[in-house]
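Okay, so here's the structure we're looking at.
Any read-out appearing in this document is the output of simple, stated calculations on the displayed coordinates, not a laboratory observation. Model, not experiment: these values are computed from the prediction. Note that each Cβ is placed from the backbone with ideal geometry, even for glycine, and that neighbours are counted across all protein chains shown.
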Amino acid sequence: MNLTLHVWRQQNANNSGKLVTYRVTDISPDMSFIEMMNALNQQLADSGEEPVAFDCDCLEGVCGTCAMMINGVAHGPEGATTTCQLHMRKFQDGDQIYIEPWRAKAFPIIKDLMVDRSAFDRIIQAGGFVSVNTGGAPDGNAIPISKYEADLAMDAAQCIGCGACVASCKNGAAMLFTAAKIGHLAHLPQGQVERYERVVKMVEQMDKEGFGHCTNQNECEAACPKEISVKFIAEMNRDFIKAKACLKAQNS
Amino acid sequence: MELKSNIPSGPIEQKWERHRFEMKLINPANKRKFRALVVGSGLAGASAAATLAELGYQVSCFCFHDSPRRAHSIAAQGGINAAKNYRNDGDSVHRLFYDTVKGGDFRAREANVHRLAEVSVSIIDQCVAQGVPFAREYGGYLDNRSFGGAQVSRTFYARGQTGQQLLLGAYSALSRQIGLGNVKMFTHREMLDLIVEDGRTRGIVVRNLLDGKLETYSGHAVVMATGGYSNVFFLSTNAKGCNVTATYRAHKKGAAFANPCYTQIHPTSIPAAGEHQAKLTLMSESLRNDGRVWVPKNPGDKRHAEAIPDSERDYFLERKYPSFGNLAPRDISSRSAKEVCDEGRGVGPTGKGVFLDFRDSIRRVGPEKIKERYGNLFQMYDRITGEDPYQVPMRIYPAPHYTMGGLWVDYNLMSSIPGLFVIGEANFSDHGANRLGASALMQGLADGYFILPYTIGNYFAELKGADLEADARASSTAFSSARTESENYIKKLLATKGKRTPDSFHRELGLMMWDNCGMARNASGLKQTLTKIAALRDEFYRNVNVLGGGEELNQSLVKAGRVADFFDFAELMCTDALHREESCGGHFREEHQTEDGEAKRDDEQFCYVGAWEYRGAGNAPLLHKENLTFENVKLSVRSYK
């Protein structure tokens, strides 16, 4: 296949960037999107131009490192797929492909297609855990957990933290990411003790990082490579309202 | 260099218990005076950093990713072993210990393995308490499945993403400590050197990958949790970023490297599609619970799988190993697959593949059940190959996956440099010459949660006088000269301005290693490869092309540095493989096999850990031997027939 790529190039956060057009030839339909980008970079290096900086690591769709807007869609046209798992057989010979970084106020650009997603880490640091120290945990079977609840927890826990939800949201909201962690722990008995404190702390941190608000368009769910459901956002909202009311009652 | 294993005396069941009591403690008020630098944030690194911080030590943690949640532990699919015996199928600490020693082909330390089996049960409890959503049965209790190399069901799992869930558990514990201000987290940092002065580890040199600046950090101990070196083969199941740089540079500073030739080739990876291939994707070994492995009986049979009747199929694992069948250990399954492909019976466009067929299981339990067990893996396979495994059998082929070798450590997980601890895949300690499935996650977490936090305290407690002044040392010449050395090295790579990219060198080196130091090795191939590596490395330093500058984000520069270390390391690996004149576990020397092609171990001559000491560029490394004694498991021929 021969393709025309329009790739966002930006030296660093302070410079302004622009789309640069490149042509790549002899792309095999069995290549992954990342392998196609490697072919582009090899071509650039051979001609003495600096390769395009982009993130990727596991190439198995689970580490959450890779992140590209492909023709305006986070991770490209195939549903439930990360950029690294997208294969070129989903494109046609002669296609024009626009490749851009995640765009969101809370994800500043580092270089080319790389953005800074450390805001996600700070949301987790604010409360995305069970406060248990190592040692002295009771037997793993001490508290039975219904398969139904455990499966729901796992549905939410699958989040890979890639940021596609933020990138595809017109408001740049991190609701799905935050709700996934809150939902994971809220469906388990181990998460109950800190449940309401957690939701308040994580939502406040999310707001502080500059993520936008949710207007229920569900673009996040559509883009999520792990198909995490927006119902977790509803659950988070319910817990948040409940928590605010309870905390208010406690304080008065 | 003298290698003292420091294995405690006494019966094996009591060694760890007794050792824990004998180790010195540090009172809570003094703990905050000690600083540990943890390099790596995978299962081992994140669990260690979190636990050390909970204990009250100062902790700094470094990773090259943009977040500690991305380390390659995340990609482990199948599960984690623990001797819980929830299934009442005869499992016990002793059986897990026995299986691991036997599975490792009698090349691991008994005492370490026993300790691993002991703490395995606490790991599951800890992870459940953190909220790791393990698979459950309808009664609400934890589910288990069986895995290669074992006849009991002791593997805990979270769908096909066990590594992800365990890592996110450790990451959440680490995040909690970061939020509390007890761990300083440094992302986008690549460790370039270890600083050793007056015989002890004092700190590290790292490069900030965002701005390219070199930084030094001082501490009372360094904990390396920097993973394995499978990417020496270029194509492996490891993430692109996995590299040997940190461990190899520590080796150059005096840490002995043990058993580098022990590499695990995983039997079930998706075969390479072509030249462009960037990495190989693993299909979890758990698939072998329900999939049957076969090739056509006749060489050159190019019919579609469905068109080949059962009478013309060779279910070679079931035929050769009737008692373990498709669950034969990884090394044995991989070699068998290579054998049938070498006979011309391989399948797929390249002829390098065997079928993993779910037809019979789908008929037996129905597609729904299979989907529940392996849904995400089937989906991933479909996405990569464009084929639907519910309809046609998967095609699989062995791929480099895990490395049992690593920096040598004693029973306390301390390397041959005092104050340098090595945990997880980066050390050599528990898996001998072959690792059993679902044991890597177990070892990483055992080291990080339950072993290192004790043993490092014992080291700190013994420090006196000037050794306590870590901050003062940060301005010593050892720090500034280590930094200058790294600076000059980077300048050298940038100044070469040749014609070839780092990746093209890496690909060539990897192919060479795969052909000659991969699934099967022989003396003449290894000798030739040693010569070829030296020649290719010479070309690398003359002809590598690193675009961009040093003081900025530069991905080609990062790759070039990693490839350079893979060259030196590949030499060490071949040297080790050449010296070990036996076949054991993942190390198969063609000269040493039985008549029916099984590995032939030589316990008379090689029942030892081979640990190599670095003696300067251009000099041959020096071999040290740590003899292995087996008092609890009888040395025997490993049979899975």
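Measuring between their Cα centroids, segment B:217-267 and segment B:594-638 lie 20 Å from each other. Per residue of peptide B:574-583, the mean number of Cβ atoms on other chains within 10 Å of the residue Cβ is 0.
Per DSSP helix of 4 or more residues, -39500 (n - 2.57); summed, then divided by the residues of chain A. What does that give at 222 nm, rounded to the nearest 500?
-11000 deg cm²/dmol
Normalised by the number of residues in chain B, the mean separation of alpha-carbon contacts (under 8 Å, six or more apart) gives a relative contact order of 20 percent. Here the average projected area of the convex hull drawn through the C-alpha atoms of segment B:420-533 stands at 12.1 nm². Length, then width, then depth: along the principal axes, the Cα atoms of segment B:96-159 run 39, 23, 16 Å. Considering only B:Leu287, B:Gly169, B:Ser67, the residue lying farthest towards the positive end of the dipole of chain B is B:Ser67, judged by Cα position with unit charges set on Cβ.
When a/c reaches 1.5 or more, the comparison of a/b and b/c decides; with that in mind, is the protein assembly as shown rounded, prolate or oblate per its Cα gyration tensor? Walk me through the intermediate numbers first.
Working: a/c = 1.13, a/b = 1.06, b/c = 1.06.
Rounded shape, in that the Cα axes give a/c under 1.5.
Note on segment A:3-110: semi-axes of the ellipsoid equivalent to its C-alpha gyration tensor, largest first and rounded to whole Å, are 20, 18, 13.
When you restrict to C-alpha pairs under 8 Å that are six or more residues apart and normalise by the size of segment B:517-641, the relative contact order lands at 21 percent. Quick one: helix B:110-130 against the long Cα principal axis of chain B, what's the angle to the nearest 10°, folded into 0 to 90? That works out to roughly 90 degrees. The charge dipole of the protein assembly as shown, taken about its Cα centre with unit charges on the Cβ atoms of Lys, Arg (+1), Asp and Glu (-1) only, comes to about 1240 debye.
Each of B:Ile370, B:Gly274, B:Tyr321 was placed along the dipole of segment B:270-400 (beta-carbon charges, centred on the mean Cα), and the one lying farthest toward the positive end is B:Tyr321. For A:Val193 and B:Ala29, what is the calculated FRET efficiency with R₀ set at 35 Å and r taken between the beta-carbons, to the nearest 0.05? Computed FRET efficiency for A:Val193 and B:Ala29 comes out at 0.75. With respect to chain B, whose longest principal axis is taken over its alpha-carbon atoms, helix B:330-342 is tilted by about 50°. The distance from the alpha carbon centre of segment B:417-488 to that of segment A:172-230 is 36 Å, rounded to a whole number.
For chain B, the longest principal axis of the alpha carbon atoms and the long axis of helix B:477-496 meet at an angle near 50°. Binning every alpha carbon pair distance of chain B at 10 Å from zero, what are the percents per bin? Distribution as computed: 3, 17, 28, 28, 17, 6, 1, 0 percent. Simple point charges give the picture: +1 on the Cβ of Lys and Arg, -1 on the Cβ of Asp and Glu, and for chain B a dipole about the Cα centre of about 920 debye.
Where nothing but the Cβ of Lys and Arg (+1) and of Asp and Glu (-1) is charged, how large is the charge dipole of segment B:270-400 around its Cα centre, in debye to the nearest 20?
160 debye
Rounded to the nearest 5, the antiparallel percentage of DSSP beta bridges internal to the protein assembly as shown is 70%. Calculate, in whole percent, how much of the Cα-Cα pair population of segment B:270-400 lies beyond 17 Å. Value for segment B:270-400 (Cα pairs over 17 Å): 56 percent.
Using Cα-Cα distances under 8 Å and only pairs 6 or more residues apart, what relative contact order does segment B:1-117 have, in percent?
In percent, rounded to a whole number, it is 20.
How large is the helix-only mean residue ellipticity at 222 nm for chain B, computed as the sum of -39500 (n - 2.57) over DSSP H runs with n ≥ 4, divided by its residue count, in deg cm²/dmol to the nearest 500?
So the calculated ellipticity at 222 nm is -11500 deg cm²/dmol.
On a per residue basis, the convex hull of the C-alpha atoms belonging to segment B:481-605 measures out at 124 Å³.
Comparing A:Val115, A:Val62, A:Val193 in a Gaussian network model of chain A where C-alpha atoms under 10 Å apart are linked, the largest mean-square fluctuation is found at A:Val193.
For GluC sites (Glu not before Pro), the sites in segment B:131-231 that DSSP calls loop and that have at most 15 other Cβ atoms within 10 Å are B:Glu137.
Here is what passes the span test in chain A: the DSSP H helices with alpha carbon length of 27 Å or more along the helix axis and a Kyte-Doolittle mean of -1.0 or above are A:231-251. Charge tally around B:Val59: other residues with Cβ under 12 Å, Lys/Arg +1 each, Asp/Glu -1 each, net +3.
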